[in-house]
Amino acid sequence: MISASMPTLFCYEVVITRDTGNGGSSTCQFNVTVTIPFDGCCIDDYSGDIFRQVVASVPSTDPLYGYWEYEVAATAEIFSGIGNHVAYRPGLSIIVDDNDDPAVYCHAAIDFPRNKCRVQVRDITTGRNFVLRDRNLNNNVCTEIEVKR
């Protein structure tokens, strides 16, 4: 039984800030380095475009599962997203589709036994299409990269 004279705490929030010496009136900013565990890469031998994705190196419940990047070598543009459909068969194939973002559409099909990769990225706002075809996946080096945020 709760007494009317006793206060009851139903909800609370803890906020931790760093005091920078001005009584908490100023803020502190710093870079955070995030390592993305890319486990698949395709490099277009002709254009130099690169497609990377995260599938095998994280569990399917991980927020990075299905994350992809398409880097256009000629312009240094990077398109990225999280696939809303991922079909992964270990050692055989990966299919990533991303049509959740209204600005970019991505379809990637990677066939490991045949060493083939086909990726299409469409920038809907400009109507540009980027297609990556790589007949030889053995020439690719896929390493983790660090992104500063």
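Working only within segment 71-96, note down all residues that are under 16 Å from Thr61 (Cα atoms), surrounded by fewer than 16 Cβ atoms within 10 Å (Cβ to Cβ) and of a type in the set (A, V, I, L, M, F, W, C).
Passing the criteria: only Ala87.
Going through segment 74-90 one residue at a time, which ones are part of a loop (DSSP other than H, G, I, E, B) and either under 18 Å from Ala103 (Cα atoms) or modelled with pLDDT of 90 or more (or both)?
Passing the criteria: Ala74, Thr75, Ala76, Gly83, Asn84.
Need at least 2 residues that are modelled with pLDDT of 85 or more and crowded, with 16+ Cβ neighbours inside 10 Å per element, so show me which strands (runs of 3 or more DSSP E) inside segment 22-69 make the cut, counting only ones lying wholly within it.
Here the list reads 40-43, 50-53.
Which count do you get for residues in segment 91-113 that are in a loop (DSSP other than H, G, I, E, B) and either on the phi < 0 side of the Ramachandran plot or among the aliphatic types (A, V, I, L, M) (or both)?
8
So which residues in segment 45-66 are within 13 Å of the chain's Cα centre (by Cα) and not aliphatic (A, V, I, L, M)?
Narrowing segment 45-66 to residues within 13 Å of the chain's Cα centre (by Cα): 51-55, 57-58, 62-66.
Matches in segment 45-66: Phe51, Arg52, Gln53, Ser57, Asp62, Pro63, Tyr65, Gly66.
The values are calculated or read from the model by the stated rules, or taken from the named source; none is laboratory data. Computed from a prediction, not measured in an experiment: that's the story for all the values here. Counting neighbours? That spans all protein chains shown, and the Cβs are built from the backbone with ideal geometry, glycine included.
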